[in-house]
Amino acid sequence: VSRRVVVAGGSLGGLRAVERLRAAGWREHITVVGAEPHMPYNRPPLSKAVLRELVPNGDEEAAAREVAAAAAFPVRVDSSGIDWRLGRTVTGTDLDARRLSLDDGETISYDGLVVATGLRPRRLRTEATTPGRHVLRTADHAVRLRGALVAGAHVVIVGAGFIGCEVAATARQLGCDVTVVEPLPEPMVGPLGGELAGAVRLHHERRGIRFRLARSLVEVRCGRNGGLEGVALDDGSIVRCDVLVEAIGSHPNVEWLEGNGLDLSNGVLCDDYMRVEGRADIVAVGDVARRPCAFLDGQPLRTEHWCVPTDTARRAAPTLVAQLDGLAPASTGQPPLSTFWTDQFDLRIQGLGVPGIADEYSVLEGRVHELESGVAVGAWRRGTLTGVLTVGLAPAAMRPYRERLLATQAGMTVTA
Ligand SMILES: Cc1cc2nc3c(=O)[nH]c(=O)nc-3n(C[C@H](O)[C@H](O)[C@H](O)COP(=O)(O)OP(=O)(O)OC[C@H]3O[C@@H](n4cnc5c(N)ncnc54)[C@H](O)[C@@H]3O)c2cc1C
């Protein structure tokens, strides 16, 4: 009887898991259950080129299909024995019985399970259910949002993280009037540190974006016709608003795993092999996984970057295949260095390592207020370099920072 690995989640993490399972020698069945109706597609363009270049034509469903198809990842594995159940959601699990239930009532048994269900956007806690409220995670969201970003629209973005700032830049490029509301003192201050974040804010302000920093939204105001009119902030001011983008973070999609005794307090807790704690036949990949971080002395950390699904699938899939074959997993070795990027106007900000956990930042190269000339900022935690942020540096100029961080990471990694 042929055995089955089920991959829950059909985005980048799900796809990389499938590829790495086959690469690790798994020749038996794979079933991928994905809540979205699309094959895996690339999300970063959704807040950048897709949002900027999409021409709204009224048929949102067809447009979302086109966006997802245009951004689809090539599937580089032989599709035989792989069953893609798209537009299907896993609603529950009995991990002891190795069984999943789907939203259409079907149950699927598995021998091994890959958790790749990623995140969904957090929403504002407000009663107002007006059509002017938006989030951005999927192709469908991008199409809806693009339809609202008409020149002259008053756009308020709540949350000045990467996605909030990317949408702000794109909306401004589309001719919208853009205000960003953020409770912290600078945009993206967590990963970038105060000085670099302040310089990026100035760059945006010079291009017409208004920031309301150290301020929170307290009320969403609608007019008599039910449409959005404005938002009230905690200093009593009102900001005019036709389009409200909620970019206030995300929730890991883990509810379907509840009732099985797992630690789901912030995603799915994994060990260094990406095995879900206490369950050798389940691994997790991508944004949903919380895993040991060398720069945090092995404490678990969950990160939401494009490199994560690929890096984690590379560890998770061989682990699962070894387990299903009754073998011990191979040593995990040195983990790759985490990286990320964000594109806002003409700036490309790149991150190496884990800058978001730093307690101090210092300029390593260039001048922070001359971003276009090339800048590198070091992120330090208790005196150790944990990350480097660069703007406008060529790949060759980043190499020494990469090598230094890799060496530090190797010194701190306890290889499993
Ligand atoms: C707008 C946007 C811009 C971004 N830009 C950048 C960037 O510039 N640089 C960068 O480094 N990173 C960027 N990222 C982050 C990057 O895209 C993510 O890290 C990556 O998509 C994570 O992939 P994933 O497969 O782990 O999770 P996801 O992409 O969240 O995929 C999870 C999938 O699982 C499905 N699912 C959820 N629950 C269930 C269930 N119960 N049953 C079945 N299926 C389920 C979901 O519908 C989804 O399709 C961006 C993300 C977004 C949204």
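What is the distance in Å between the Cα centres of segment 296-351 and segment 44-93? One Cα centre to the other: 23 Å. Computed from Cα atoms, the angle from the helix 60-70 axis to the main principal axis of the chain rounds to 60 degrees.
By the scheme Lys and Arg +1, Asp and Glu -1, what is the net charge of all other residues having a beta-carbon under 9 Å from that of residue 248? Once positives and negatives cancel, what remains is +1. Label reach from residue 2 (point 7 Å along Cα→C-beta): in segment 80-112, amide nitrogens under 18 Å belong to 80-86, 108-112. With the convex hull of its Cα atoms as the shape, segment 77-211 has an orientation-averaged projected area of 12.7 nm². Highest average first, the peptides 271-281, 401-411 ordered by how many other beta carbon atoms sit within 10 Å of their residues are 271-281, 401-411.
Each residue of segment 370-384 is assigned a 3J(HN,Hα), and the resulting list reads 10, 4, 5, 7, x, 9, 10, 10, x, 10, 10, 10, 6, x, 9 Hz, derived from the Karplus form 6.51 cos²θ - 1.76 cosθ + 1.60 (θ = phi - 60°), x at Gly and Pro. Between residue 359 and residue 265, the contour length at 0.36 nm per residue exceeds the Cα-Cα span by 31.4 nm. Fully extending the segment from residue 403 to residue 184, taken as 0.36 nm per residue of separation minus the present Cα-Cα distance, adds 75.6 nm.
Using C-alpha pairs under 8 Å with a sequence gap of at least 6, the mean separation divided by the residue count of the chain gives a relative contact order of 15 percent. Farthest towards the positive end of the charge dipole of segment 275-401, among the residues 324, 356, 285, is the Cα of 324, using unit charges on the Cβ of Lys, Arg, Asp and Glu. Each 5 Å bin, from zero up to the one with the longest distance, holds this percent of the alpha carbon pairs of segment 1-110: 2, 11, 19, 20, 17, 14, 9, 5, 3, 1, 0. Of the GluC sites (Glu not before Pro) found in segment 1-63, the ones in coil according to DSSP and having at most 15 other Cβ atoms within 10 Å of their Cβ are 28.
Each of residue 384 and residue 214 was given a label point 7 Å from its Cα along the Cα-to-Cβ line. The distance between the two points is 3.4 nm. One quarter of the convex hull surface built on the alpha carbon atoms of segment 264-391 amounts to 8.9 nm², the projected area averaged over directions. A Cβ-based charge dipole, computed about the Cα centre of the chain with Lys and Arg at +1 and Asp and Glu at -1, lands at about 480 debye. Once a ≥ b ≥ c are taken as the square roots of the eigenvalues of the Cα gyration tensor of segment 117-167, is the result rounded (a/c under 1.5), prolate (a/b larger than b/c) or oblate (a/b not larger than b/c)? Judged from the Cα gyration tensor, segment 117-167 comes out rounded (a/c under 1.5). Each of 264, 253, 239 was placed along the dipole of segment 185-284 (beta-carbon charges, centred on the mean Cα), and the one lying farthest toward the positive end is 239.
Scalar couplings 3J(HN,Hα) for segment 315-330, obtained by applying the Karplus form with A = 6.51, B = -1.76, C = 1.60 to θ = phi - 60°, are 8, 5, 5, x, 4, 5, 5, 4, 4, 5, 8, x, 10, 6, x, 5 Hz; x denotes Gly and Pro. When the charge dipole of the chain is built from unit charges on Cβ atoms (+1 for Lys and Arg, -1 for Asp and Glu) and taken about the Cα centre, the candidate among 309, 119, 339 whose Cα reaches farthest toward its positive end is 339. Using only side-chain charges placed at the Cβ, +1 for Lys and Arg and -1 for Asp and Glu, the dipole size of segment 149-296 relative to its Cα centre rounds to 580 debye. Here the dipole of segment 289-395 is about 400 debye; that uses its Cα centre as origin and unit charges on the Cβ of Lys and Arg (positive) and Asp and Glu (negative).
Highest-first packing order for the peptide set 119-126, 131-138 is 131-138, 119-126, based on the mean count of other beta carbon atoms within 10 Å. Taking other Cβ atoms within 10 Å as a rough exposure proxy, 369, 154 sort from fewest to most as 369, 154.
Here the simple spin-label model places points 7 Å from the Cα toward Cβ, and for residue 394 and residue 224 these points are separated by 6.4 nm.
Shape verdict for the chain, please, from the Cα gyration tensor: rounded (a/c under 1.5), prolate (a/b greater than b/c) or oblate. Oblate.
Sorted on the mean count of surrounding Cβ atoms within 10 Å across their residues, most packed first, peptides 170-178, 300-308 read 170-178, 300-308.
Relative to the longest principal axis of the Cα atoms of the chain, the long axis of helix 395-412 lies at roughly 50 degrees. Over the chain, what is the percentage of antiparallel beta bridges among all DSSP beta bridges, to the nearest 5? DSSP beta bridges in the chain are roughly 55 percent antiparallel.
Let me check I've understood the local charge: for residue 370, count other residues with C-beta under 14 angstrom from its C-beta, Lys and Arg +1, Asp and Glu -1. What total comes out? Residues near residue 370 contribute -2 overall.
A short reminder: the numbers here are calculations on the coordinates, not readings from a lab. Only a predicted model underlies this, so the values are computations on that prediction, with no experimental measurement involved. A quick note on method: Cβ atoms are made from the backbone with ideal geometry, for glycine too, and the neighbour counts reach across all protein chains shown.
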